[in-house]
Amino acid sequence: MRYRSTSQKAPLTSLRGAVLRGMAPDGGLYMPAEIARRSPEELEEFRSLPFTEVCFRIVKPFATPDVPEEILWQIVSEAINFPVKLVSLSPGLHVLELFHGPTLAFKDFGARFMARLMGYFVRGESRPLTVLVATSGDTGSAVAHGFLGVPGIRVVILYPSKRISEAQEKQFTTLGENITALEVSGTFDDCQRLVKQAFADEPLNKKAFLTSANSINIGRLLPQMFYHVAAYRQLPVASVPLIVSVPSGNFGNLTAGLFAKRIGLPVAKFIASTNANDVVPEYLRSGEFHPRPAQATYSNAMDVGNPNNFPRLLDLCRGRLEYVQKEIWGHGATDEETLAEMKAVWDRYRYISDPHTAVGILGWEAYKKEHPEPSQGLVLATAHAAKFAEVVEKAIGTAPPLPDRLAAYLKRPKLSLSMSSSYDDFKQFLLTH
Ligand SMILES: *Cc1c(COP(=O)(O)O)cnc(C)c1O
């Protein structure tokens, strides 16, 4: 598979080139040059083959010829070593739990796969590779754990000071080894800006071998197709359309859903479920895309004012609003609605949802109100409720049980370094460490 840029100017490149660069040299995002539709027979096989085999088959055309089959098999089986669980809240509403990986959030899929892919691509390099990542919460821990101890790679994580929960922070600031956390006095958008500026800084890139692990990296998106297929395997066969609600921030998750649809998954519509940072739902309504500063909410991993995968969404829909509207419906929820929904879901189904998943359920309910015809709803549950214990407690009156894994991190000392939001400070850090 060759990869092209959404900006159309950069030359085609290999998967290795796309993964190690992160962003294309013309400022665009890498896309597979083509996405082949699988045959109905193969899709049917996806329901019955072992899951590792299915993941391997899904990703193989995207990784050939860069990654030999036996290496790809190893990467897939090591990265996706935890279950995807489907929970049916009612006959027409299902929740796909994507949070059974090591950091209890769906980003483990992308991060674990990409780390192993990069590790393979940089074997034999003389300079260490520096992975830069800006996080609004969960990316940091998923990426840090994904890369922890991978030789030849160091990870620098930027996160907004005091804007993420202690549980989130402790998961990636306590690791040490090849993982450095920078606590930035600013917002997530500041962190994202610093990372973008570093990539655009040519003199810096001559000195340091930099790459990105944000959801702009195609190496993170490819494995996110896997769980859309996992849902297809587990959902009851139904004759009504399938509607998939995706709690969204940077829209990597939803982009991967569209990839999965392009290979043949029968999804009638995706719902872009956001919190108050509803730039994309707003675009779907008005046709105008107006990025704006991120606003802090309870579902903080989705506090994104300028979703970085938006160019990919547009590209997949040939740049036309009416095509985007055909595939995606949008809804933005307030914090009050999110809290009330967590309570309602608990009262109605005895299910504890984290605030992101609650935003997803709200999106589904809003969609149903406008489209009462029969359909089957699937909500992606992106984080374990225990990662947002304070919000859960506020909503339902009791805190969710703390998994042992999380409890262990909370006891460890934070090792992050403080940093201003000025680019000069950040550059200085990169050049001297
Ligand atoms: C990152 C994240 C999201 C948003 O995913 P995108 O791919 O950025 O849209 C949603 N929920 C949780 C818990 C996350 O960590």
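The values are calculated or read from the model by the stated rules, or taken from the named source; none is laboratory data. This one's a predicted model, so the numbers in the text were calculated from it and none came from an experiment. Positions of Cβ are generated from backbone atoms using ideal geometry, with glycine treated the same way; all protein chains shown enter the neighbour counts.
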Exercise. Within the range 293-314, identify whether any single residue is under 27 Å from Pro374 (Cα atoms), without any contact (Cβ under 8 Å) to a residue 60 or more places away in the chain and more than 12 Å from the ligand (Cβ to nearest atom), and answer yes or no.
Key: no
Quiz prompt | Residues that are touching a residue at least 40 places away in the same chain (Cβ under 8 Å), within 16 Å of the ligand (Cβ to nearest atom) and touching a strand residue (DSSP E or B) at 6+ places or on another chain (Cβ under 8 Å), drawn from the range 232-258 | solution = Val244, Ser245, Val246, Pro247, Ser248, Gly249, Phe251, Asn253, Leu254, Leu258
Self-check item: Criterion: touching a Phe, Trp or Tyr at 6+ places or on another chain (Cβ under 6 Å) and of a type outside the set (Ser, Thr, Tyr) - qualifying residue of Val359, Val391
Solution: Val391
Practice problem: Answer yes if at least one residue in the range 54-65 is part of a loop (DSSP other than H, G, I, E, B) and within 16 Å of the ligand (Cβ to nearest atom), and no otherwise. | Solution: no
Exercise. Could you list all residues from the range 336-360 that are within 18 Å of the chain's Cα centre (by Cα) and closer than 24 Å to Glu282 by Cβ?
Key: Pro355, His356, Thr357, Ala358, Val359, Gly360
Quiz item: Which of the residues spanning the range 402-419 are surrounded by 13 or more Cβ atoms within 10 Å (Cβ to Cβ) and among the hydroxyl-bearing types (Ser, Thr, Tyr)?
Solution: Tyr409, Ser416
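Condition check ((1) at pLDDT 95 or above; (2) within 20 Å of Asn300 (Cβ to Cβ); (3) not hydrophobic (A, V, I, L, M, F, W, C)) across all residues:
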{"site": "Met342", "(1), (2), (3)": "yes, yes, no"}
{"site": "Tyr351", "(1), (2), (3)": "yes, no, yes"}
{"site": "Thr357", "(1), (2), (3)": "yes, yes, yes"}
{"site": "Gly363", "(1), (2), (3)": "yes, yes, yes"}
{"site": "His371", "(1), (2), (3)": "yes, no, yes"}
{"site": "Val391", "(1), (2), (3)": "yes, yes, no"}
{"site": "Ala395", "(1), (2), (3)": "yes, yes, no"}
{"site": "Ala399", "(1), (2), (3)": "no, yes, no"}
{"site": "Tyr409", "(1), (2), (3)": "no, yes, yes"}
Quiz item: For Gly27, all conditions in the list (1) out of contact with any Asp or Glu (no Cβ under 8 Å at 6 or more places or on another chain); (2) modelled with pLDDT of 95 or more hold save one; what is the number of the exception?
Solution: (2)
Quiz item: Which members of the range 24-61 meet the condition of being surrounded by fewer than 14 Cβ atoms within 10 Å (Cβ to Cβ), in contact with a Phe, Trp or Tyr (Cβ under 9 Å, 6 or more places away or on another chain) and under 19 Å from Leu258 (Cβ atoms)?
Solution: Ala33
Quiz item: Does the range 199-210 contain any residue that is within 16 Å of the ligand (Cβ to nearest atom), in contact (Cβ under 8 Å) with a residue 12 or more places away in the chain and not polar (S, T, N, Q)?
Solution: no
